[in-house]
Amino acid sequence: ILTIHDGNEIDVSQIADWFYQLYANYEIKLYKCGYDQRYAKTFLDKMDFYNFECEMIYQNRNVMSSPMKLVEADLKARYINYNRNEMDMWCLGNASMEMDNLGNVMCVKIDNQKSRRIDGAVTLIILYEVFRRYRNDFMLMVR
């Protein structure tokens, strides 16, 4: 459930390699890829090399609120099957919701504790935003 990298910093180009390996080994091709703008240059260069289409998803309440609310509703309805993945359970358990005065929400760490990791929860929200944007095209493609 976790890939270990050498050193103290993740080589984000290896994430692109992982997506390519899914295609090479199992013929699973990435349709669209949402990404966070932080540390993205190396990742995007490698994704472009593999011909994978990527779209930046801004990490703010205006963009992340709707998909986060959809993730919450789908988790409650048990529509999301994450196979009780330990890493996902940990990240989702560390995640909380912060709401502004307009009702927009953002995923944050519980009690703002630096030791808590929410990357998996944020990834799921980004996935939902990309799916929300391209749902019709995707559904036509898989039918």
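The values are calculated or read from the model by the stated rules, or taken from the named source; none is laboratory data. Quick caveat, the model's predicted, so the values are computed rather than measured. Neighbour counts run over all protein chains shown; Cβ positions are idealised from the backbone, glycine included. When the accessible area is computed, the model is the full protein with side chains, heavy atoms only, and any ligands, DNA or RNA have been set aside. Shrake-Rupley method; radii C 1.70, N 1.55, O 1.52, S 1.80 Å.
Note on the chain: Lys pairs 8 or more places apart or on different chains, Cα atoms under 19 Å apart, count 4.
The Rg/Rh ratio for the range 28-143 is 0.97, where Rg is the radius of gyration of the alpha carbons and Rh is the Kirkwood radius.
The overall shape of the range 81-126 is oblate: from the C-alpha gyration tensor, with semi-axes ordered a ≥ b ≥ c, the ratio a/c is 1.5 or greater and a/b is no larger than b/c.
With +1 on the Cβ of every Lys and Arg and -1 on the Cβ of every Asp and Glu, and nothing else charged, how large is the dipole of the range 21-143 about its Cα centre, in debye rounded to the nearest 20?
Roughly 160 debye for the range 21-143.
Protein heavy-atom surface of the range 55-143, 1.4 angstrom probe: 50% of the accessible area is carbon and sulfur, with nucleic acids and ligands not counted. Model label sites at residue 101 and residue 40, defined 7 Å from Cα along the beta-carbon direction, differ in position by 3.0 nm. Classification of the range 10-75 by its C-alpha gyration tensor yields an oblate form. The axis ratio a/c (a ≥ b ≥ c) is 1.5 or more, and b/c is at least a/b.
I want the local charge near residue 95. Using Cβ-Cβ distances under 9 Å, sum +1 for each Lys or Arg and -1 for each Asp or Glu among the other residues.
Value of the local net charge: +2.
Accessible surface calculations at 1.4 Å, restricted to protein heavy atoms, place the chain at 73 Å² per residue. Note on residue 13 and residue 61: the extension gain reaches 14.5 nm, defined as 0.36 nm multiplied by sequence separation minus the Cα-Cα distance. Between residue 6 and residue 86, the C-beta separation translates, for a Förster distance of 22 Å, into a calculated FRET efficiency of about 0.45.
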